[in-house]
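J.: Got a structure for you, questions after.
No value in this document is a laboratory result; all are computed from the given coordinates. It should be emphasised that the depicted structure is a prediction, and the values quoted were computed from it without experimental measurement. Neighbour counts are summed over all protein chains in view; Cβ atoms, including those assigned to glycine, are modelled from backbone coordinates with ideal geometry.
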Amino acid sequence: MAENKKILIIGGGMSGLTAAVETAEAGNDAVIVEKTPFLGGRVAQLNKYFPKLCPPNCGLEINFKRIKNNADVTFYTLAEVEKISGEEGNYNVAVKLQPRFINDNCTGCNACAEACPVEMPNEFNFGLDKTKTAYIAHNQAFPFKYAIDARYCKGKACAKCVDACKYNAIDLDMKAETVNLNVASVVIATGWDPYDAGNLDILGGGKIKNVITNMQMERLASPNGPTSGKILRPSDNKEVKNIAFVQCAGSRDENHLPYCSYICCMASLKQATYLREQYPDSKVRIFYIDIRTPGRYEQFYWKVKEDPNVTLTKGKVAKVAEDTATGDVELVVEDVLAGKKITEKYEMVVLATGMVPSTKNFKIPGDISYTNDGFVAMSSLKKGIYAVGTAKNPVDVAKSVQEATGVAIKSIQSARRSK
Ligand SMILES: Cc1cc2nc3c(=O)[nH]c(=O)nc-3n(C[C@H](O)[C@H](O)[C@H](O)COP(=O)(O)OP(=O)(O)OC[C@H]3O[C@@H](n4cnc5c(N)ncnc54)[C@H](O)[C@@H]3O)c2cc1C
């Protein structure tokens, strides 16, 4: 296949992985550029994903296998696009590769992490614990190859990992490099970041230990998370038997995110089941403005609602305060349907924070426009450039996968047109 028939996919989450494997399996080369050291995106951080409540690996593993078995898919990790120029059928793209400091000899034996004396906040677990500077994000990471974080590593002044590695896999001299690609089309699949709870003053401003975000809840419930899947509250590792979820934490609010993030109601209902399964005597209360469980997700809502230990209350949370003696969290809420004010304490509170497109804060270089909220503006895209999944709008995994399959066809058409 000619060099210019390649399709470039920016972002290696569920959207990007799907676009890549569908493109390659239809006969065009696909190149994924992923900025972190691992593929999988945010789905890898979930405990289970609806509607089937499968662990993330059941979807990701299939895609990783398809990539391993298909020479037409290549990928770069720790990689970001620096420049895009040209036109449909003939885009020139410069990709900057940051050093991993660990080469392909790595067997994933963990000796480097054991030897590494430097700890850093574990970003994969949203700061709920720490990890070593020589690290792998989780036990099913792909590629299963460690990375060294240059922001924290002491380099050759330390080099304990080099001595510990039996396989000569560590190269602290690795330098950044640039790769130039010529591609027929470009797919933007850069996904989302969680809305920063630090902006939500009224909900504790990220300062109350036992007020966590929904993504932190995913990590707490996950077997490869900081508590090995046991839902324990951060302040004192106590089992959580009485929890509140605060919906629309920043979403549908002109001062924060003016749009609905689409998945937060389903995410909290799902997380209610995590707690109810783990602690049969636990109680869950969900405070909402409107419950939005579109299409067939409505069935999931009704099923969770049947549980007498799950209460749904229509009401906006007006105040969140910490009881410093117990670590509990007091909520003041206007119960809209009962017409009264509720003041109640919970052992832990989960804020259903929404999805912010990662392009809100990091723009893809090139002639690409964005909506006021930072999503890629579809109507302005040049021919041969496409956006998909949560880079384009807040969507779930199923929609991301559907869109990515459609975009694979569009990208191949771009390649054919330019024959
Ligand atoms: C609390 C919560 C729970 C959820 N639970 C579910 C669920 O149960 N079921 C469900 O269907 N959906 C769920 N979702 C939604 C789901 O996470 C998204 O639909 C999914 O992550 C979308 O995949 P994506 O590939 O578009 O984006 P992402 O998963 O964000 O992947 C984007 C990838 O692009 C990379 N990237 C970003 N910027 C760049 C760049 N400049 N250059 C290169 N790479 C870049 C990122 O590192 C990442 O790997 C949940 C969301 C939340 C907030």
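J.: Along the charge dipole of the chain, Cβ charges K/R +1 and D/E -1, which of Leu220, Thr36, Gly59 sits furthest on the positive end?
T.: Gly59
J.: Let's see if you can work this out: charge +1 on each Lys and Arg Cβ, -1 on each Asp and Glu Cβ, no other charges. What is the dipole magnitude of the chain about its Cα centre, in debye to the nearest 20? All intermediate terms of the calculation are to be shown ahead of the outcome.
T.: Working: 53 positive and 47 negative charges, 100 e Å.
About 480 debye.
J.: So for Cys106, Cys54, Cys264, fewest C-beta neighbours within 10 Å to most, what's the order?
T.: Working: Cys106 20, Cys54 12, Cys264 26.
Neighbour counts put them in this order, fewest first: Cys54, Cys106, Cys264.
J.: Only bridges whose two residues both fall in region 274-385 count here: according to DSSP, what percent of them are antiparallel, nearest 5?
T.: Working: 15 of 20 bridges.
Around 75 percent antiparallel, to the nearest 5.
J.: Between Ala321 and Asn372, how many nm apart are label points set 7 Å from Cα along the C-beta direction?
T.: For Ala321 paired with Asn372, the spin-label model returns 3.6 nm.
J.: In nm, to one decimal, how far is the modelled label at Asp163 from the one at Ala338, with both set 7 Å along Cα→Cβ?
T.: Using points 7 Å along Cα→Cβ, the separation is 6.4 nm.
J.: May I pose another question? Could you work out the helix-only [θ] at 222 nm for the chain, with each DSSP H run of four or more residues adding -39,500 (n - 2.57) and the total divided by the number of residues, to the nearest 500 deg cm²/dmol? Don't skip to the answer; put the middle values down first.
T.: On the way: 8 runs with 88 residues, N = 419.
Value at 222 nm, helices only, nearest 500: -6500 deg cm²/dmol.
J.: Treating each Cα of the chain as an identical point scatterer and ignoring solvent, apply the Debye formula and state log10 I(q)/I(0) at q = 0.07, 0.14 Å⁻¹.
T.: -0.36, -1.29
J.: Now, a different point. From the backbone phi of region 130-147, what are the Karplus-calculated ³J(HN,Hα) couplings (6.51 cos²θ - 1.76 cosθ + 1.60, θ = phi - 60°) in whole Hz, Gly and Pro given as x?
T.: 10, 9, 7, 5, 8, 8, 10, 5, 6, 6, 10, 5, 9, x, 7, 9, 5, 9
J.: Quick one: go through region 272-297 and flag any residue whose amide nitrogen is under 20 Å from the point 7 Å out along the Cα-to-Cβ line of Glu239.
T.: Label zone hits: 272-285.
J.: Strictly over 21 Å apart at the Cα level, which of Lys35/Lys360; Lys35/Lys209; Lys96/Lys175 would you flag in this model?
T.: On the way: Lys35/Lys360 16 Å; Lys35/Lys209 30 Å; Lys96/Lys175 11 Å.
From the list (Lys35/Lys360; Lys35/Lys209; Lys96/Lys175), the Cα-Cα distance tops 21 Å for Lys35/Lys209.
J.: Along Cα→Cβ, 7 Å out, is where each label goes; now give me the distance between the ones at Ile62 and Asn92 in nm to one decimal.
T.: 4.0
J.: Most exposed first by the Cβ proxy, i.e. fewest other Cβ within 10 Å, how do His256, His138 rank?
T.: Working: His256 17, His138 21.
Fewest-to-most ranking of His256, His138: His256, His138.
J.: Taking Cα pairs under 8 Å and at least six residues apart, what relative contact order does the chain come out at, in percent?
T.: Values: 935 pairs, mean separation 82.7, N = 419.
Relative contact order of the chain: 20 percent.
J.: Could you tell me the calculated FRET efficiency between Arg417 and Lys363, based on Cβ-Cβ distance and R0 = 25 angstrom, to the nearest 0.05?
T.: Numbers: r = 27 Å, r/R0 = 1.08.
Approximately 0.40, to the nearest 0.05.
J.: Taking the Cα centre of region 169-216 as the origin, how large is its charge dipole in debye, to the nearest 20, when only Lys and Arg (+1) and Asp and Glu (-1) carry charge on their Cβ atoms? Walk me through the intermediate numbers first.
T.: On the way: 3 positive and 6 negative charges, 47 e Å.
For region 169-216, the charge dipole is close to 220 debye.
J.: Also: Which Cys in the chain stand alone, with every other cysteine's Cβ at 4.7 Å or more from theirs?
T.: Result for the chain is Cys106, Cys109, Cys116, Cys153, Cys158, Cys165, Cys248, Cys260, Cys264, Cys265, no neighbouring Cys Cβ within the cutoff.
J.: Order of Val310, Val179 from fewest to most other C-beta atoms within 10 Å? Intermediate values should be presented prior to the final figure.
T.: On the way: Val310 19, Val179 14.
Ranking Val310, Val179 by Cβ neighbours within 10 Å, fewest first, gives Val179, Val310.
J.: With +1 assigned to the C-beta of every Lys and Arg and -1 to the C-beta of every Asp and Glu, and no other charges, what is the dipole magnitude of region 111-164 about the Cα centre in debye, to the nearest 20?
T.: On the way: 7 positive and 6 negative charges, 39 e Å.
Dipole of region 111-164, to the nearest 20 debye: 180 debye.
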